[in-house]
Amino acid sequence: MEKAYQPKEVEDRLYEKWEKDGSFTGQIDQNKPAYSIVIPPPNVTGVLTMGHVLNNTIQDILARRARQNGCATLWLPGTDHAGIATQTKVEQQLRQAGKSKHDLGRERFIEHAKEWRDKHGGIILKQLRKLGCSCDWDRTVHTLDQDYSDAVLEAFVRLFKNGYVYRGKRMVNWCPVSLTALSDEEVMMKPQNGKLYKIRYELVDSPGEFLEVSTTRPETIMGDVALAIHPDDERWPALQGRKVRRPLQPAEIPIIADEAVEKDFGTGMLKITPAHDPLDFEIGQRHNLETIDVLNADGTLNEFAGAEFAGMDRFDARKATVEKLREQGDLIDEEDHANNVGFSERADVPIEPRLSEQWFLRYPRVEEAKRAVSEGFIRYFPERWSKTYLHWLDNIQDWCISRQLWWGHRIPVWYRKGAPRNDPQNWHVSVNGPDDPENWEQDEDVLDTWASSWLWPLATMGWPDQDSMQKQGLEFFYPTSALVTGPDIIFFWVARMIMAGLEFKGDPVDPKTTLTDDQIKQRIPFRDVYFTGIIRDSKGRKMSKSLGNSPDPLDLIEKYGADGLRHGIMSIAPKGQDIRFSEERIEQGRNFCNKLWNVSRFRQMADEHTQESTQEEIINRINPAQLSQDDHAILLRLIQTLDEVDKLYQQYEFNSVLHSIYRFFWNDLCDWYVENSKPRMRGGEDKHTCLAVQDLCLRQVLLLLHPVTPFITEELWQVLGFSGGQSIQWTSPDKGSTISSALTNAGITLDPSALDEMLSIRELVTSMRALKADRNLANNKQVEFSFLAEDAKAEILTKHQSSILSSVGAAELKRVSAAPSGMPALVTSFGSVYLDLSSGVDVAAEKNRLSKELASLQKVISSIENKLGNSAFTDKAPAQVVEGARRQLAENQAKIKETEEALKALS
RNA sequence: GGACGGCUAGCUCAGUUGGUUAGAGCGACUGGUUUACACCCAGUAGGUCACAGGUUCGAGUCCUGUGCCGUCCACCA
């Protein structure tokens, strides 16, 4: 074995073998419990980020643990077509070649985009393999696959037939760069420092008299169709029904009253521009006002804005209109104003509220979706996200699902040629289109990407085709066991998947009928949802391409190994908290693997029984008569750890899992047990027993760690001969109780007091080492100790003598009957320990040290005495606590006494 | 404006249902080639648990309020 673990020599080889052996294949097996996960499909042209590493490592841990536990396990991978993002990239690339999508036309553009996707796509799936992800790659799905596309259209058609889908002219969020409508969820509000302009409008019937109105968007004044005041506003008793002159594109517009106007904001007067503001649109509807749209789709002004501004970009036009108003004397005031502006998530430009014909979805099964989570049929980890989810459902708005793009699922609606489109009589809605296509033209728009990915758990398993569902095991694997994703897509994806599952899984249910609890349980797409945190850089900023603060996971794998990366990221991922990334953590993950490697190497150097070491065989190698207290203690700790880790895994407490394993493996097993086994292995009679105990521990540690660090654990599993010719993937760690009973059956009963004993011996060793270190004595300098203790304690010390000596670096630890004078002393729970220094002792320094010790003991004692002197405490506190305090008092008093004696002995 | 989360050692974080003297890793410092590992071992220093009240025999932990940081929702032109 190499001196240090070399991941590169192991990872690719093992991954290839696993894949070849079909380890990742999700076999339907009615004799086993099913365990399934569908991957949150990454953008097909995306590359692996740290977020993916976290997310997919967790999924892999769950999948591998399920396989170990004997489940029929499916982790289903795939990608989504990422409508806007991909189309934008392809268009960009065309533009560089001096072309636009219109030059190609729809068909050829899509062909082109597919080529582009196939060339640049799928990288991320290869990267996931590097990370060790155990996906069933034969079942990789893409949202634009034929079957998947059919499912998406089928869902649309069914929703349409049930009256959930409708077409309408409405105010939507328009992205002037991507030239498409967006859903509310795709709009991000950003605080902006803008200006609030006060503009005057002249009263038509009273020239020279003006009303003042505040606005942040003077470039839309040409679209004003009214001014509005609040009906109860007493400042303007007689304005209603009168008219003002619009200062740009002059026209007479009425003054109206509407409750939506805030009396206390600005001047209390609102200009109404129904084409460019959602609230104004509503008011316009109420008062039957006309709509003047002064903007083009790309955010430039159109001819209704007047020749002077037509063609100008909206932000240039803002400046120009302000100038014009200033010249006319209509600009009264201009002040700084902070407000929130909606930005397009993808293009990162302010969206325009825009009136347009779009397809909308009224969500199905909203009430059942709430019940699914509030009743715990679906469990959220951490639980608190359920509140966010429920709040959204309580305030749910219809979903604008049409996008003015070409890249995506084209809406399966055809209009009769030459007939008015707004009359549903002239519509044909079906998956395959009309039988006489020559008389119809299809809707130009495609569906929002999320309107395809919301079917992910269903459509990846063959829905809606009966044969495919049968073959792909929908009934077996659905509901999936767990979903691992970020809380940022609760609305985009999680909530929608739940509603889709409730609506589409199983036999259709009349929209008016509410689902029963049993139906809900069968239809939900997943049982547990684990929400990861967001990975931030060391300064707490979100990782992003533009900041360049996101490391390339592939570089990290190259440097630290996939296991190192996985271990590192998992150890810093508290449940649901954001994660502060730093490369040092990954380094620690690598170090952990190396430690595992080396303790195995140490074990192998002993060169015995490293073939065919099954659990039974290992236990048989133990000679019960030779078991030391240390053996008892480490086995007890092993059992504790097995139970603890199992519980933590079930709660998705991954960082605690690793912490627990770390403590057992590194602190207890390596630092203490293996160190203390060295003298025994020098040829003591109990060498074989000691090695067997090591094997037992190591074997379980590998099993516990395998989901997290699959490569190194598989490698060592083989090297140490635990395999019996089989991969580690199919063996689960034991429960504490099974190890216990296996030991009992072999005639081994563990002594429960061994644990405490080991801990106090370790404490003693620590103090003795510190006493040496204080005097600048090197660890390996063999010194002599003596101790003064009562018989019972002395017996224990004698029992542990050899490991104390080797751990501390001492030649002798002899019992004395009186305090030796002039020696540095240590008061411990075992009695007083004296360090024999051949050279002179700095008496003053020793006295100082002991006095400090005494003072701190006295402080502790007085606090306990206070407590015990308080009758309220002794009366009300549980007897156990009071008893603990008494015992503690006695112990500390004894220590004081000994310390005083030690002080005396110094002089 | 509303909701949620965070504030514990220089840094990153643990800290179960309130109960001994608040822990770990990293970093710092000191010492170290003992039959694995310097990607290691041993040890030391370092904390008014954000702040203010309250409940309690007892509060990092429970309650109320405040501050700061972060996230989400809403969107007064």
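Can you pull out every residue in region A:733-747 that is charged (D, E, K, R) and surrounded by fewer than 14 Cβ atoms within 10 Å (Cβ to Cβ)? Answer for region A:733-747, where residues must be charged (D, E, K, R) and surrounded by fewer than 14 Cβ atoms within 10 Å (Cβ to Cβ): just A:Lys735.
Going by the structure shown, is A:Arg699 assigned to a helix (DSSP H, G or I), farther than 24 Å from A:Glu2 by Cα and basic (Lys, Arg)? So A:Arg699 does not fit the description; no.
What pairs come out if I take residues in region A:380-401 that are more than 21 Å from A:Glu186 (Cβ to Cβ) and pair them with residues that are near RNA strand B (Cβ under 10 Å from one of its atoms) and assigned to a loop (DSSP other than H, G, I, E, B) whose C-beta lies under 9 Å away, six or more apart or interchain? Once the first residue is more than 21 Å from A:Glu186 (Cβ to Cβ) and sits in region A:380-401, its partners that are near RNA strand B (Cβ under 10 Å from one of its atoms) and assigned to a loop (DSSP other than H, G, I, E, B) give A:Phe381/A:Lys575; A:Phe381/A:Gly576; A:Pro382/A:Lys575; A:Pro382/A:Gly576; A:Pro382/A:Gln577; A:Arg384/A:Gly576.
Is there a residue in region A:437-460 that is part of a loop (DSSP other than H, G, I, E, B), over 30 Å from A:Lys169 (Cα atoms) and away from RNA strand B (no atom under 16 Å from the Cβ)?
Looking only at region A:437-460, we keep the residues that are part of a loop (DSSP other than H, G, I, E, B), and these are A:443-445, A:448-449, A:454-455, A:460.
Keeping just the survivors that are over 30 Å from A:Lys169 (Cα atoms) gives A:460.
Next, only the ones that are away from RNA strand B (no atom under 16 Å from the Cβ) stay: A:460.
So far as region A:437-460 goes, yes, one or more of its residues are part of a loop (DSSP other than H, G, I, E, B), over 30 Å from A:Lys169 (Cα atoms) and away from RNA strand B (no atom under 16 Å from the Cβ).
Residues in region A:642-667 that are touching a Lys or Arg at 6+ places or on another chain (Cβ under 8 Å), in a helix (DSSP H, G or I) and more than 11 Å from RNA strand B (Cβ to nearest atom): A:Leu642, A:Asp643, A:Asp646, A:Tyr649, A:Phe654, A:Phe664.
Restricting region A:545-571 to residues that are of a type in the set (Lys, Arg) and either surrounded by fewer than 23 Cβ atoms within 10 Å (Cβ to Cβ) or touching a strand residue (DSSP E or B) at 6+ places or on another chain (Cβ under 6 Å) (or both), the residue that is nearest to A:Glu9 (Cα to Cα) is A:Lys559. Once region A:589-625 is narrowed to residues that are touching a Gly at 6+ places or on another chain (Cβ under 6 Å) and modelled with pLDDT of 90 or more, the residue that is farthest from RNA strand B (Cβ to nearest atom) is A:Pro624.
Condition check for A:Lys101 on (1) surrounded by fewer than 16 Cβ atoms within 10 Å (Cβ to Cβ); (2) basic (Lys, Arg); (3) modelled with pLDDT under 90: one failure, at (1).
Contact map, region A:262-278: residues that are more than 19 Å from A:Val244 (Cα to Cα) paired with residues that are modelled with pLDDT of 85 or more and aromatic (Phe, Trp, Tyr), Cβ distance under 8 Å, separation 6+ or inter-chain. Pairs shown: A:Ala275/A:Phe281. Taken over region A:254-307, the criterion of being among the acidic types (Asp, Glu), buried (at least 16 other Cβ atoms within 10 Å of the Cβ) and within 18 Å of A:Met222 (Cβ to Cβ) is satisfied by A:Asp277, A:Asp280, A:Asp293.
The listed residues are A:Phe109, A:Phe160, and the only one of them that is surrounded by 19 or more Cβ atoms within 10 Å (Cβ to Cβ), away from RNA strand B (no atom under 16 Å from the Cβ), more than 36 Å from the chain's Cα centre (by Cα) and assigned to a helix (DSSP H, G or I) turns out to be A:Phe109. All of A:Trp407, A:Trp414 fail the test of being of a type in the set (A, V, I, L, M, F, W, C), surrounded by fewer than 22 Cβ atoms within 10 Å (Cβ to Cβ), more than 15 Å from RNA strand B (Cβ to nearest atom) and outside any helix (DSSP H, G or I), apart from A:Trp414.
Please report, ordered by residue number, the strands (runs of 3 or more DSSP E) entirely within region A:800-846 with at least 2 residues that are within 29 Å of A:Cys690 (Cα to Cα).
A:810-815
Considering region A:491-534, the residues that are basic (Lys, Arg) and not in a helix (DSSP H, G or I) include one that is surrounded by the fewest Cβ atoms within 10 Å (Cβ to Cβ), namely A:Lys512.
Considering only residues of region A:761-780 that are more than 6 Å from RNA strand B (Cβ to nearest atom) and of a type in the set (Val, Ile, Thr), which is surrounded by the most Cβ atoms within 10 Å (Cβ to Cβ)? That would be A:Ile761.
Among the numbered criteria (1) within 16 Å of RNA strand B (Cβ to nearest atom); (2) touching a strand residue (DSSP E or B) at 6+ places or on another chain (Cβ under 9 Å), which one does A:Met758 miss? Evaluating A:Met758 over (1) within 16 Å of RNA strand B (Cβ to nearest atom); (2) touching a strand residue (DSSP E or B) at 6+ places or on another chain (Cβ under 9 Å) leaves (2) as the failure. Among the numbered conditions (1) surrounded by fewer than 20 Cβ atoms within 10 Å (Cβ to Cβ); (2) within 30 Å of the chain's Cα centre (by Cα), the only one that A:Ala34 does not meet is (1). Just name the residue that is nearest to RNA strand B (Cβ to nearest atom) out of those in region A:575-588 that are of a type outside the set (Asp, Glu), touching a Lys or Arg at 6+ places or on another chain (Cβ under 9 Å) and at pLDDT below 90. The qualifying residue nearest to RNA strand B (Cβ to nearest atom) is A:Arg580. Taken together, the residues in region A:371-404 that are closer than 14 Å to A:Gly501 by Cβ and either among the hydrophobic types (A, V, I, L, M, F, W, C) or within 16 Å of RNA strand B (Cβ to nearest atom) (or both) amount to 4.
The residue of region A:2-21 that is farthest from RNA strand B (Cβ to nearest atom), among those that are exposed (fewer than 11 other Cβ atoms within 10 Å of the Cβ) and part of a loop (DSSP other than H, G, I, E, B), is A:Glu2. Within region A:290-331, restricting attention to residues that are of a type in the set (Phe, Trp, Tyr) and more than 15 Å from A:Arg246 (Cα to Cα), the residue that is nearest to RNA strand B (Cβ to nearest atom) is A:Phe315.
How many of the residues making up region A:656-692 are polar (S, T, N, Q) and surrounded by fewer than 17 Cβ atoms within 10 Å (Cβ to Cβ)?
Looking only at that region, the number is 1.
Please list, ordered by first then second residue, the pairs with beta carbon atoms under 8 Å, 6 or more apart or interchain, first in region A:582-601 and more than 17 Å from A:Gln700 (Cα to Cα), second of a type in the set (Lys, Arg) and more than 7 Å from RNA strand B (Cβ to nearest atom). Correct list of pairs: A:Ile586/A:Lys559; A:Gly589/A:Arg566; A:Arg590/A:Lys559.
Is at least one residue of region A:240-258 more than 12 Å from RNA strand B (Cβ to nearest atom), under 25 Å from A:Glu352 (Cβ atoms), free of Cβ contacts under 8 Å to residues at least 12 places away in the same chain and of a type outside the set (D, E, K, R)?
Yes - at least one qualifying residue is present in region A:240-258.
Figure legend. Inter-residue proximity from region A:855-880: first residues over 15 Å from A:Lys897 (Cα atoms), second residues within 8 Å of RNA strand B (Cβ to nearest atom) and among the acidic types (Asp, Glu), beta-carbon distance below 8 Å, spacing 6+ or different chains. No pairs are indicated. Just so you know, in region A:857-907 the residues that are at pLDDT 80 or above and hydroxyl-bearing (Ser, Thr, Tyr) include one that is nearest to A:Pro824 (Cα to Cα), and it is A:Thr899. Scanning region A:572-589 for residues being surrounded by fewer than 21 Cβ atoms within 10 Å (Cβ to Cβ) and within 22 Å of A:Leu483 (Cα to Cα) gives a total of 6.
Here the condition is being away from RNA strand B (no atom under 16 Å from the Cβ), under 23 Å from A:Gly223 (Cβ atoms) and not in a loop (DSSP other than H, G, I, E, B); of A:Glu368, A:Glu334, A:Glu357, it holds for A:Glu357 alone.
The residues of region A:321-336 that are surrounded by fewer than 17 Cβ atoms within 10 Å (Cβ to Cβ) and on the phi < 0 side of the Ramachandran plot, listed by number, are A:Glu323, A:Arg326, A:Glu327, A:Gln328, A:Ile332, A:Asp333, A:Glu334, A:Glu335, A:Asp336.
The values are calculated or read from the model by the stated rules, or taken from the named source; none is laboratory data. Quick caveat: nothing in here was measured; it's all calculated off a predicted structure. Glycine gets a Cβ as well: all are built from the backbone with ideal geometry, and neighbour counts include every protein chain shown.
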